[in-house]
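Enquirer: Have a look at the structure that comes next, please.
Each reported figure results from applying straightforward, stated rules to the coordinates on display, with no laboratory input. Here the structure is a predicted model, which is why all the values come from computation and not from measurement. Reconstructed Cβ throughout: ideal geometry from the backbone, glycine too, with neighbour counts over all protein chains shown.
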Protein chains: 2
Amino acid sequence: MLGIIRVITLPDQRDADLHGELIRRRYGLEVTSACIEDQQEGVFDNRTEELAIPKIVLLAGELEKRGCRAIGISCAADPALAECRQAVNVPVLGAGSCAAHLGLASVDKLGVLTILEETPPLISSILGEAYVGMERPEGVVTTLDLRTEAGREASFRSAVKLAERGAEGIVLACTGFATIGFAEELERRLGLRAFDPIYSLGAAAAVCL
Amino acid sequence: MLGIIRVITLPDQRDADLHGELIRRRYGLEVTSACIEDQQEGVFDNRTEELAIPKIVLLAGELEKRGCRAIGISCAADPALAECRQAVNVPVLGAGSCAAHLGLASVDKLGVLTILEETPPLISSILGEAYVGMERPEGVVTTLDLRTEAGREASFRSAVKLAERGAEGIVLACTGFATIGFAEELERRLGLRAFDPIYSLGAAAAVCL
């Protein structure tokens, strides 16, 4: 079983289960999901990341005890990845680093689409010389903006810019892209491979579960 | 559809399909397989690799024309990976590099099991600082040796040595390990994650097909 840690407090278990459900459907893995406590707005800056780290580590331990044979942190910034790997004895996967590694397995030049001001540092360090740069879609500041038609089109324009800069594939550095099925849209409209963080995490889990 | 290139001439299509069949069963992907011509002994040294490169590139082009949306080179040494990426417009996956990337997505320290004298250079360069070293199972020289009880036990002892050297996971740098289900055996007997090249290639394909 794969344990998914949501780095946001979601009162409705169906919302909490959403990312795990995408993984279950595509790869047929058994998945259980849990949310960190008391962070209704999730992780979006240094302060909220620091607050979240011990909570993520605690959940990783609990999921290991509940029999999870791999733990996934469902956030493209991979908060607490190193700390969780210290704390538990099963592989810990970060959605962002999985997308970067899966991208490198497929193509040589990768651009990053993010809703943050910068590419998460772990992603750019993994990509190394394959990194051609990042784009932040105009007007997209939170994951909810991706669900609007304007946010979706702005994301598409950003991907086109990355392709023009030489990207052969796009690392989608926000788990909100999974919710809107953006990787498939890029493939269909632009013929460009996109590496979704949730599906990448699922693929990395599928290879050893 | 994923196109699998076998870097050995196999007269029986059922043998040629074997690796693709493992991928189809685990990930539910549609797969077609093709063998290079006139290399009954496959690729096992510099000369046979050089002979094979243009044949692999040719097959990659043919598989792309037949509608494959990703191409996989089914050999842990990833022969002709760079050349194929130049030649076709779909992602090209190498079994060895996929296993290395998937290993890095899961754990921080990786050992390599190989039947060659050295770790394939692409695998060690991808692993970088995560690489703790390699082992070649005693008495195992060809992929067929892995199918004997002695070969299997020698492989197991080599994996134990890598774990003692700090490996948290093992990159299986021979596609013959898939045939004998060795990744599952390591997990069961040693509690250690192993990254099989065929299943890793399949996972990398599954994320974008």
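Enquirer: Quote the relative contact order of the range B:53-209 in percent (integer), defining contacts as alpha-carbon pairs under 8 Å separated by 6+ residues. Write down the numbers at each step before the final one.
Expert: Values: 297 pairs, mean separation 38.2, N = 157.
Once divided by the residue count of the range B:53-209, the mean separation gives 24 percent.
Enquirer: Please report, in whole Å, how far the alpha carbons of the protein assembly as shown spread along each principal axis, starting with the longest.
Expert: 60, 45, 32
Enquirer: Is there a quick way to get the dipole size of the protein assembly as shown? I mean about its Cα centre, with the Cβ of Lys and Arg at +1 and of Asp and Glu at -1; what is the value in debye to the nearest 20? Kindly include the intermediate steps, with their values, before the conclusion.
Expert: Numbers: 42 positive and 60 negative charges, 126 e Å.
The dipole of the protein assembly as shown has a size of about 600 debye.
Enquirer: Mind putting a number on the dipole of chain B about its Cα centre? Charges go on the C-beta only, +1 for Lys and Arg and -1 for Asp and Glu, and I need it in Debye to the nearest 20. Working shown, then result.
Expert: Details: 21 positive and 30 negative charges, 119 e Å.
The dipole magnitude comes to about 580 debye.
Enquirer: Using a cut-off of 19 Å between alpha-carbon atoms, which lysines can reach B:Lys161, once sequence neighbours fewer than 8 places away in the same chain are excluded?
Expert: B:Lys109
Enquirer: Return the whole-Å distance between the Cα centroid of the range B:10-76 and the Cα centroid of the range B:120-139.
Expert: 24 Å
Enquirer: Which of the lysines could a cross-linker bridge to B:Lys65, judged by Cα under 21 Å and excluding same-chain residues fewer than eight apart?
Expert: B:Lys55
Enquirer: Output, in nm with one decimal and in ascending order, the distances from the A:Pro54 label point to the matching label points of the other copies (7 Å from Cα along Cα-to-Cβ).
Expert: Copy-to-copy label distances for A:Pro54: 6.6 nm.
Enquirer: Step by step: find N for chain A, compute 2.2 N^0.38 Å, then divide the Cα radius of gyration by it. What's the final number? It would help to have the intermediate numbers written out before the result.
Expert: On the way: Rg = 15.9 Å, N = 209, 2.2 N^0.38 = 16.8 Å.
Dividing the Cα radius of gyration by 2.2 N^0.38 Å gives 0.95.
Enquirer: Taking R0 as 45 Å, what FRET efficiency do you get between A:Arg147 and B:Glu138 from their Cβ-Cβ distance, rounded to the nearest 0.05? Could you put the intermediate results ahead of the total?
Expert: On the way: r = 57 Å, r/R0 = 1.28.
For A:Arg147 and B:Glu138, the calculated efficiency is 0.20.
Enquirer: Put +1 on the Cβ of each Lys and Arg and -1 on the Cβ of each Asp and Glu in the protein assembly as shown; which of B:Ala154, A:Val132, B:Met134 then has its Cα farthest toward the positive end of the dipole?
Expert: B:Ala154
Enquirer: Can you list residues from other chains, or at least 5 along the same chain, whose modelled amide H is less than 5 Å from the amide H of A:Cys35?
Expert: A:Arg6
Enquirer: Summarise the partner chain shielding of A:85-97 as one whole number: the mean count of Cβ atoms from other chains within 10 Å of each residue's Cβ. Numbers along the way, then the final one.
Expert: On the way: counts 4, 1, 0, 0, 2, 4, 8, 3, 3, 1, 0, 0, 3.
Averaged over the peptide's residues, the number is 2.
Enquirer: Let me ask another. To the nearest 20 Debye, how big is the dipole of the range A:87-188 about its Cα centre, given +1 on the beta carbon of each Lys and Arg and -1 on that of each Asp and Glu? Can you show the working numbers first?
Expert: Working: 8 positive and 14 negative charges, 19 e Å.
Around 100 debye, computed over the range A:87-188.
Enquirer: Run through the range A:21-92 and list the trypsin sites (Lys or Arg not before Pro) located in a DSSP loop whose Cβ has at most 10 other Cβ atoms within 10 Å.
Expert: Values: sites: A:Arg24, A:Arg25, A:Arg26, A:Arg47, A:Lys55, A:Lys65, A:Arg66, A:Arg69, A:Arg85; in loops: A:Arg66, A:Arg69.
Answer by residue number: there is no such site.
Enquirer: Express the Stokes-Einstein translational diffusion coefficient of the range B:96-197 in µm² s⁻¹, to the nearest whole number, given a Kirkwood radius over alpha-carbon pairs, 20 °C and a viscosity of 1.002 mPa s.
Expert: Numbers: Rh = 12.9 Å.
The Stokes-Einstein estimate is 166 µm²/s.
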